[in-house]
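Below you'll find the structure, written out as structure tokens, and then a few comments.
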Amino acid sequence: MPTPSRDQAVTRRPVTHHDPQAYRDGLSSMVTSVCVVTTEVDGRRYGFTANSVTSVSMDPPLISVCLADTADVHPAFSRAESVAVNVLAADQHPVAQVFATAGADRFAAARFDPGELGPPLLDGATVSLEGVVHQRLTAGDHTIILIEVAGVVVGGGEPLTYQGRRFHTLNPL
């Protein structure tokens, strides 16, 4: 197993209530997919950018997404019955940026079509997972939304990733 090079500096910083930046910096080293999570409530569409999407269970088919309690769309997602998780393609980084911007006209950034259950599905996404809200859990300053997947639309293409506070694409080994 390879060992880290002596040229790579390893700085240990304790995570304390006085230095939450150490925690943020550590998490920014992780590579994640970039998703736009969407719903429709009372005829109005809502969405946000997320990189905290995880497969949870095969039976039933569950995924989770985390949403900050302070997010402008939190009230809508607290009432939503169905949700879509759209995994962005490599060329969709502008969509991620718009959906991460409070007050932006988010749905003008790309084409969305209603899914079988109603939530908007992003045209050209690598994959869109559509489902019903199974459960909501409070965890710290976030709400974990468990979604029971009812439909999958595979679009293909290279996914957009996020690491080190920057967008990336995959490079096969």
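The values are calculated or read from the model by the stated rules, or taken from the named source; none is laboratory data. Small disclaimer: the values here were computed from a predicted structure and weren't measured. A quick note on method: Cβ atoms are made from the backbone with ideal geometry, for glycine too, and the neighbour counts reach across all protein chains shown. We work out accessible area using only protein heavy atoms, side chains counted, and drop any ligands, DNA or RNA first. Shrake-Rupley method; radii C 1.70, N 1.55, O 1.52, S 1.80 Å.
Annotations for the structure displayed:
- Candidates Ser55, Ser64 - the one that is of a type in the set (Ser, Thr, Tyr) and in contact (Cβ under 8 Å) with a residue 24 or more places away in the chain: Ser64
- Qualifying positions in region 20-44 - at pLDDT 95 or above, out of contact with any Leu (no Cβ under 8 Å at 6 or more places or on another chain), open to solvent by less than 70 Å² (accessible area, probe 1.4 Å) and not in a loop (DSSP other than H, G, I, E, B): Thr39, Val41
- Hits in region 149-173 (condition: touching a Leu at 6+ places or on another chain (Cβ under 9 Å) and among the polar types (S, T, N, Q)): Thr161, Thr169
- Qualifying residues in region 122-173 (those that are hydroxyl-bearing (Ser, Thr, Tyr) and closer than 22 Å to Val31 by Cα) - the one surrounded by the most Cβ atoms within 10 Å (Cβ to Cβ): Ser128
- On the stretch given as region 83-110, residues that are in a loop (DSSP other than H, G, I, E, B) and either of a type in the set (D, E, K, R) or touching a residue at least 12 places away in the same chain (Cβ under 8 Å) (or both) total 7.
- Test for Asp113: is it at pLDDT 95 or above, outside any loop (DSSP other than H, G, I, E, B) and open to solvent by less than 70 Å² (accessible area, probe 1.4 Å): yes
- Residues of region 45-79 that are of a type in the set (S, T, N, Q) and at pLDDT 95 or above: Thr49, Thr54, Ser55, Ser57, Ser64, Thr70, Ser78.
- Selected residue (only one of Ser64, Ser57 is over 17 Å from the mean Cα position of the chain (by Cα) and not in a helix (DSSP H, G or I)): Ser57
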